[in-house]
């Protein structure tokens, strides 16, 4: 399959009929032939977007021009199982700095992998990344390729938020000396904010903002409350949406609504509600295997006002949630007929949703409501 833009983008209209709230959804295939694409970031002034491929390539895409060759200068990644080149986010001052933040995985001499966060400067022609700096490595690195997490978001104050999975070592999510199973908060230059909750706690990593998360696959700024929200995989059931607040413990593995993969109780779990831990804003009894997430705050489609969209890998659809303050309810499932794993979803500057499918022949989709 050609990696160039399809000669004629395919537009189809789907009718999702789970309930009476479903709308006619338009889906346009903008790009095919992507190698397990993981994240998308929009360049300013309608200049296109950056797309990561888990195998290690960062690419530039623009309407009418298609997909670039891999951008030069991207760090070498360890691309096994869930590892590889993962998230991409533009710095808030990108127009001046041209700074692009990335997350990826590296492997140590013992064959253990961990997530890495860094940034580089994108050339004016979008062809090269220079002055790449590693900001933070997940320590200890414990993963054999699972539960790496690794998403980035900026808040309205310029702080950068990073998710780190538990590396499939659940007990470390409760260990403040480890960067596994944590939500991290840094200054825009990569330094540690002095008002982080564990800055002065002996034996604790000062980067940590919140603890007790399992495998966070999505993170986004709520545009109405200006709080960061996070979505994560549970084990067998118990996928969650959380609002990670300062110093709070989100429970894993002490508190979970899921079961172990064996069908038995998760080792160390004390149930769904445990004193000293926070409840999720929303959770699923059966895991959709949720992934990237995006709030919808555009006027283009008023029917989507106050919505949160989250991709699903196992159930292969786009989950539409309604948000009212901290209250979340599921509204509908979209794109189910396509049968494609949804890895990322972002709201574009034009008010459409842009979706990446996690396939060997991955796609970039433009999703809206039929007008």
Report task. Between residue 69 and residue 110, with labels modelled 7 Å along Cα→Cβ, what's the label distance in nm to one decimal, could you check? Result -> 4.1 nm
Query raised in the report: Is it possible to state the helix-based mean residue ellipticity at 222 nm for the chain, with each DSSP H run of 4+ residues giving -39500 (n - 2.57), the sum divided by total residues, to the nearest 500 deg cm²/dmol? What is it?
Result: 0 deg cm²/dmol
Requested in this report: Mind giving me the nanometre distance, one decimal, between the label points for residue 326 and residue 273, set 7 Å out from Cα along Cα→Cβ?
Outcome: 1.4 nm
Query raised in the report: When a footprinting reagent is the concern and you count Cβ atoms within 10 Å, what order do 219, 342 take, fewest first?
Result: 219, 342
Query - Inter-label distance for residue 305 and residue 202, nm, one decimal - labels placed 7 Å from Cα along Cα-to-Cβ - result: 5.5 nm
Query raised in the report: Using the 10 angstrom Cβ neighbour count as an exposure proxy, how do 35, 166 rank, fewest first?
Result: 35, 166
Report task. Using 0.36 nm per residue of separation minus the Cα-Cα distance, give me the extension gain between residue 314 and residue 76 in nm, one decimal. Result -> 82.8 nm
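Sort 259, 102 by Cβ crowding within 10 Å, fewest neighbours at the top.
On the way: 259 16, 102 28.
Going from sparsest to densest Cβ surroundings: 259, 102.
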Query raised in the report: Can you give the extra length, in nm with one decimal, that the chain gains between residue 224 and residue 195 once fully stretched, where that is 0.36 nm per residue apart less the Cα-Cα distance?
Result: 8.1 nm
Requested in this report: For residue 130 and residue 285, calculate 0.36 nm times their separation in residues minus their Cα-Cα distance, and state this gained length in nm to one decimal.
Outcome: 51.3 nm
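Taking the Cβ-Cβ separation of residue 371 and residue 94 as r and a Förster radius of 41 Å, what is the calculated FRET efficiency to the nearest 0.05? Walk me through the numbers before you get to the answer.
Numbers: r = 31 Å, r/R0 = 0.75.
Given R0 = 41 Å and the Cβ-Cβ separation, E is 0.85.
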Query raised in the report: Once you wrap a convex hull around the alpha carbon atoms of the stretch 263-349, what is its projected area averaged over all directions, in nm²?
Result: 7.6 nm²
**Report entry** Translational diffusion coefficient (Stokes-Einstein; Kirkwood radius from C-alpha pairs) of the chain at 4 °C, 1.567 mPa s, in µm²/s
**Finding:** 63 µm²/s
**Report entry** Residues of the stretch 182-212 with amide N under 16 Å of a point placed 7 Å along Cα→Cβ from residue 121
**Finding:** 189
Requested in this report: Specify the inter-centroid distance of the stretch 117-192 and the stretch 262-328, based on alpha-carbon positions, in whole Å.
Outcome: 22 Å
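Here, each number is a calculation from the coordinates, and none is a lab measurement. Owing to the predicted nature of the structure, the values given are computational and were not obtained by experimental measurement. Heads up, the Cβs are rebuilt from the backbone with ideal geometry, glycines too, and the neighbour counts pull from every protein chain shown.
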